[in-house]
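The values are calculated or read from the model by the stated rules, or taken from the named source; none is laboratory data. In this text, all values refer to a predicted model and were calculated from it rather than measured experimentally. FYI the Cβ positions are ideal-geometry reconstructions off the backbone, even for glycines, and counts take in every protein chain you see.
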């Protein structure tokens, strides 16, 4: 089986296996697994309302997945996208509060740029720590995410808090002219289009440009990259910053299109779900789009499972966790490893019986 087929078969098998295991687990609570699978599908894709809810949730997942996928092509495992998301949303709200921005496209664009820059600086810091201080980027990015969340809460509940927000501390609401609207005839905001376009452009950049190729060379063989004169350090930091910019853009869009202000609702775990989306998509920006829609659908179906079957709304997190474990396990079967795995099974099945000397 070639790599292209494995790129499809293994993630698909991981998702199907996760659904089967999830159904088995909920059956211990007396719930029919078939009912769970049907409701997952209906809650995600059953009607136009479900589709709109799914696409709204998929939009930020596309961008947060890029925060993992782009650094991964440079050989890094960056899992702190949640920090870039919340700081991107905070930068969006802070800019609107600090400057009198023009309404319409120009003002919304300025908010998105502010969010992207904040996310880029935060994720780029993890790349800088990796290259100049030798600190593992997986650990540093995760710790930086917790620092970012703490900083976000401090500013939202302190200097930028709107006095009118009593029970739920928030920054002042954005002016209506700065909000990112919805597409005609639906409740889906234009952030979905932005997410799809960014994924498409990122895929083109990685595949067809010299700088994208250089990033992939650094990720594939850092030593060879240095021997041919590629600036590996700069490319690694740039890849981290570019991924962080995508996650920061996701935070800005959530503020400007969904919440209208920065508040605790922005800390929704999109950065962590983006890790799963990226791994399922094999860090391919083009494959991120359908995978994000699928997992956006799972998230949208959580409330339906709660209403119809009495399962916790967060039970879909268990499904996501199982899928993540299975996709990591399936990596052992990639490339030539699956042949060795099958050969090992054959050897076990044809091992001589020590009692009779015959093959079992």
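Report yes if some residue within region 199-212 is crowded, with 16+ Cβ neighbours inside 10 Å and out of contact with any helix residue (DSSP H, G or I) (no Cβ under 6 Å at 6 or more places or on another chain); otherwise report no.
So in region 199-212, the residues crowded, with 16+ Cβ neighbours inside 10 Å come out as 199, 202-203, 205-206, 212.
Filter again for out of contact with any helix residue (DSSP H, G or I) (no Cβ under 6 Å at 6 or more places or on another chain), leaving none.
Scanning region 199-212 turns up no residue that is crowded, with 16+ Cβ neighbours inside 10 Å and out of contact with any helix residue (DSSP H, G or I) (no Cβ under 6 Å at 6 or more places or on another chain).
Please verify whether residue 169 is over 30 Å from residue 288 (Cβ atoms) and surrounded by 13 or more Cβ atoms within 10 Å (Cβ to Cβ), treating the condition exactly as stated.
yes
Residue-wise test of (1) surrounded by fewer than 24 Cβ atoms within 10 Å (Cβ to Cβ); (2) touching a residue at least 60 places away in the same chain (Cβ under 8 Å); (3) out of contact with any strand residue (DSSP E or B) (no Cβ under 8 Å at 6 or more places or on another chain).
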position	(1), (2), (3)
68	no, yes, yes
80	no, yes, yes
83	no, yes, yes
87	no, yes, yes
91	no, yes, yes
101	yes, yes, yes
109	yes, no, yes
116	no, yes, yes
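Which count do you get for residues in region 97-124 that are more than 19 Å from the chain's Cα centre (by Cα) and under 29 Å from residue 143 (Cβ atoms)?
Matching residues across region 97-124 total 5.
For region 217-242, which positions are within 21 Å of residue 120 (Cα to Cα) and surrounded by fewer than 17 Cβ atoms within 10 Å (Cβ to Cβ)?
From region 217-242, those within 21 Å of residue 120 (Cα to Cα) are 218-219, 231-242; that's our starting set.
Within region 217-242, 231, 233, 234 qualify.
When you scan region 124-230 for helices (runs of 4 or more DSSP H) that lie fully inside it, which ones turn up with 1 or more residues that are in contact (Cβ under 8 Å) with a residue 24 or more places away in the chain and under 29 Å from residue 258 (Cβ atoms)?
137-157, 191-208
Find the residue count for region 187-238, including only residues that are over 24 Å from the mean Cα position of the chain (by Cα) and under 24 Å from residue 251 (Cα atoms).
The qualifying residues number 0.
When residue 152 is evaluated against the numbered criteria (1) surrounded by 15 or more Cβ atoms within 10 Å (Cβ to Cβ); (2) in contact with a helix residue (DSSP H, G or I) (Cβ under 7 Å, 6 or more places away or on another chain); (3) at pLDDT below 95, which criterion, by number, is the only one it fails?
Condition not satisfied by residue 152: (3).
Could you list all residues from region 1-24 that are over 25 Å from the mean Cα position of the chain (by Cα) and in contact (Cβ under 8 Å) with a residue 60 or more places away in the chain?
Scanning region 1-24 gives a single hit, 1.
Listed residues 96, 91; which is within 15 Å of residue 261 (Cβ to Cβ) and modelled with pLDDT under 95?
It is 96.
Would you check which residues across region 279-299 are at pLDDT 95 or above and buried (at least 24 other Cβ atoms within 10 Å of the Cβ) and list them?
Hits for region 279-299 are 285, 288, 292.
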